[in-house]
Amino acid sequence: MKISCSKANLLAALNIVSKAVSTKTTMPILECILIDVYSDSIKMTANDLELGIETVLDGKVIEMGRIAIEAKIFNDIVRKLPDSEVIIESTPDYKTIIRCEKAKFTLSSKSGEDFTELPEIEKEKKITISQFTLKEVIRQTIFSISDNENNKLMTGELFEIKNGKLTVVSLDGHRISLRNINLKEGGDDVSVVVPGKTLGELYKIINGGVDDMVNIYFTDNHILFEFENTVVVSRLFEGEYYKIVNMLSMDYKIKVEVNNKELLDCIDRASLLIKESDKKPIIVSIKDDNNMYLKVDTFMGSMNEEIEIDKEGEEIIIGFNPKFVMDVLKVIDDEKITLYMKDAKSPCIIRDAEENYIYVVLPVNINAGAY
């Protein structure tokens, strides 16, 4: 195997595939990146058996072949090479030689035949959306997945296709995030749970272009994202996702419209007085004077602030974890948002009129009489 390419192109390809390199494994081959050279194509692949990424390297084929190179040292070397042409070749005894200007590295490598290929995916169930839409929907939901590995389903996101609409849901036991995307071309009904790790790495790879499309294919066990010169394949989580319909259809008694940025800035200021270990809530009081009163009282100090709102319904005093509310407000792009509440012990729902987004935040138990 022998190829030549620019350092910039090589580094760009490495940055993509490295996200699927295993860092905790007893199988050394999973710590490698495969360079697979055909007559007219240079493919680079990484595969940790849960997530696999393959991308085409823009370069010149000199000699066909395949070699697996340990990813970390490969990355480290390429980053420190001069910004010039890089020549990579393999020897019959599985050595890899990397040349760039006057620099020459010789690395012990592994046979490309030992590398675990990406699974073959049947391309039957498919949708196509823009990279912008996919990147946005990940940004707007991934913050509310759980990091508790004891509950795998909560560390993933539901991707459900029904009636020409893609619904993406995440939850962590304290909040729910839901986004609805109308598809230009409807697809087969699908309901799968995609690992959050996959979506997090995908978010870093896709460029987010409005006119750049992503083909998404679904099987019973895998999901495949295909865009530009790159393929991302991931295993799916097994099991049925949580039924959240009841939590989304609450009979509300209070409806509040408020400026998103004003509310976010206010809670952000209040958070200055709350330490992570303190777990003090922010107290929200809504009265009949079209104002929302926000209060924080900790050992560091206290803060009181009020915001003008448009209100329908009853009065309420309710407490929230400020981080959970801020996480939601940060990903809503609307200037004004609408909150729906029932009482101090029921979830607060934030949604737009078309229900393109729905967010649910559970309250914190407080002694309302003390406020």
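Inside segment 252-266, can you point out the residues that are open to solvent by less than 70 Å² (accessible area, probe 1.4 Å), farther than 19 Å from V331 by Cα and of a type in the set (D, E, K, R)? The one that is open to solvent by less than 70 Å² (accessible area, probe 1.4 Å), farther than 19 Å from V331 by Cα and of a type in the set (D, E, K, R): K255.
The conditions of being open to solvent by 20 Å² or more (accessible area, probe 1.4 Å) and either at positive phi or touching a Lys or Arg at 6+ places or on another chain (Cβ under 9 Å) (or both) are not met by T198.
Comparison of K275, K280, K243, K253 shows that the only residue that is in contact with a Ser or Thr (Cβ under 6 Å, 6 or more places away or on another chain) and either at negative phi or among the hydrophobic types (A, V, I, L, M, F, W, C) (or both) is K280. The set of residues from segment 267-318 being in contact (Cβ under 8 Å) with a residue 12 or more places away in the chain, among the small types (G, A, S) and open to solvent by 60 Å² or more (accessible area, probe 1.4 Å) comprises just one member, S302. Within segment 111-130, the residues that satisfy the criterion of being in a helix (DSSP H, G or I) and of a type in the set (D, E, K, R) are E113, D114.
Residues checked against (1) surrounded by 17 or more Cβ atoms within 10 Å (Cβ to Cβ); (2) under 16 Å from the mean Cα position of the chain (by Cα); (3) modelled with pLDDT of 95 or more; (4) in a strand (DSSP E or B):
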position	(1), (2), (3), (4)
F132	yes, yes, yes, no
K135	yes, yes, yes, no
D147	no, yes, no, no
E157	yes, yes, yes, yes
V168	yes, yes, yes, yes
S177	yes, yes, yes, yes
D188	no, no, no, no
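Total residues in segment 47-67 satisfying the condition of being touching a strand residue (DSSP E or B) at 6+ places or on another chain (Cβ under 7 Å) and either open to solvent by 70 Å² or more (accessible area, probe 1.4 Å) or polar (S, T, N, Q) (or both): the figure is 7. Of the residues K279, K197, K255, K275, the single one that is assigned to a helix (DSSP H, G or I) and either over 30 Å from F299 (Cα atoms) or not hydrophobic (A, V, I, L, M, F, W, C) (or both) is K197.
Only residues that are surrounded by fewer than 20 Cβ atoms within 10 Å (Cβ to Cβ) and under 23 Å from M64 (Cα atoms): list them for segment 16-30, please.
S18, I29
If you scan segment 60-110, which residues turn out to be free of Cβ contacts under 8 Å to residues at least 60 places away in the same chain and outside any strand (DSSP E or B)?
The answer is A71, K72, I73, D76, I77, K80, T91, P92, D93, Y94, E101, K102.
Hey, any hits in segment 68-78 for a residue that's open to solvent by less than 20 Å² (accessible area, probe 1.4 Å), within 17 Å of R99 (Cβ to Cβ) and in contact with a Phe, Trp or Tyr (Cβ under 6 Å, 6 or more places away or on another chain)? Yes. Please verify whether segment 14-36 includes one or more residues that are part of a loop (DSSP other than H, G, I, E, B) and of a type in the set (D, E). Checked segment 14-36: no residue is part of a loop (DSSP other than H, G, I, E, B) and of a type in the set (D, E). Applying the criterion of being small (G, A, S) and touching a Lys or Arg at 6+ places or on another chain (Cβ under 7 Å) to the residues of segment 29-87, the residue that is nearest to C5 (Cα to Cα) is S84.
Within segment 323-371, being more than 16 Å from D251 (Cα to Cα), modelled with pLDDT of 95 or more and among the aliphatic types (A, V, I, L, M) holds for V325, M326, V328, L329, V331, I332, I337.
Condition check for N215 on (1) part of a helix (DSSP H, G or I); (2) in contact with a strand residue (DSSP E or B) (Cβ under 9 Å, 6 or more places away or on another chain); (3) of a type in the set (S, T, N, Q): one failure, at (1).
The values are calculated or read from the model by the stated rules, or taken from the named source; none is laboratory data. On a predicted model such as this, the values are computed, not experimentally measured, just so you know. For neighbour counting, all protein chains shown are included, and Cβ atoms are generated from backbone atoms with ideal geometry for every residue, glycine included. Quick note on the areas: whole protein, heavy atoms, side chains included, nothing else; ligands and nucleic acids left out. Shrake-Rupley method; radii C 1.70, N 1.55, O 1.52, S 1.80 Å.
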